[in-house]
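What follows is a single structure, written as structure tokens, with notes after it.
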Amino acid sequence: VIVETLAKKLGPGVYTERNLLISSTHTHSTPGGWQQYLLFQVSSLGFVQEAFDAVVSGVVRSVVRAHMALQPGSLSLNSGLLAGANINRSPPAYVRNPSEERKRYETVGNDTDHIMQLLRVDATDGSPLGMFNWFAVHGTSMNHSNDLLSGDNKGYASYQFERAIAAQQGRSQAFNSSDGGFVAAFASTNLGDVS
């Protein structure tokens, strides 16, 4: 549906299943009923067309905005150890993994992956355009009593990072992604029992 809608807005073949990657953050504070898998529809009591339409509309709007802001630039990738920022929620279950699995993390935090990766996007003049960050933290900072929509810890990190860059660039910190400003995306990696 997203590719079909983009074809209507930007022309056929501009974005296809072969050149469009859609990713999202992981949170337990979003509306349900929009995914097309039965297990994810149980909590919303089935498919909800209104929720599906809102997700499609938001993704399409974001892709169109990004398309209109396309410009030459460069990418750089870095990774490093970020200790003390995540924990294993179930150490007794973790120790039941094969020893080969557990050995992968002995030098980086014992029972949790502490490697953070960051892909930076800069304009040709060196000014920052955006970044993608990957780190193993589950988006479950909001507890079960929360009944509001939330990007959880990943969404809050994006919000704060974008405000900080806006301040550095002398732009309003009341960030509006349609102004072509810096975009920060914090994504999840291997979650499992990681918080």
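Considering region 38-66 alone, what residues qualify as being part of a loop (DSSP other than H, G, I, E, B) and under 22 Å from residue 150 (Cβ atoms)?
Kept after step one, since they are part of a loop (DSSP other than H, G, I, E, B), are these residues of region 38-66: 42-48.
Listed by number, the residues that qualify are 42, 43, 44, 45, 48.
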If you take the residues in region 30-79 that are free of Cβ contacts under 8 Å to residues at least 60 places away in the same chain and of a type in the set (Ser, Thr, Tyr), which one is surrounded by the most Cβ atoms within 10 Å (Cβ to Cβ)? 44
Does any residue of region 156-171 turn out to be open to solvent by less than 40 Å² (accessible area, probe 1.4 Å) and at pLDDT below 85? no
Leading residue by the ranking (least open to solvent (accessible area, probe 1.4 Å)) among those in region 116-139 that are at pLDDT below 90 and touching a helix residue (DSSP H, G or I) at 6+ places or on another chain (Cβ under 7 Å): 139
Output the number of the condition that residue 29 fails; it satisfies all remaining conditions of (1) modelled with pLDDT under 90; (2) out of contact with any helix residue (DSSP H, G or I) (no Cβ under 8 Å at 6 or more places or on another chain). (2)
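The values are calculated or read from the model by the stated rules, or taken from the named source; none is laboratory data. For clarity, every value in this text was computed on a predicted model and none was experimentally measured. Here the Cβ is made from the backbone with ideal geometry for all residues, glycine too, and neighbour counts use every protein chain on show. Remember, those area values only see protein heavy atoms, side chains included, never the ligands or the DNA or RNA. Shrake-Rupley method; radii C 1.70, N 1.55, O 1.52, S 1.80 Å.
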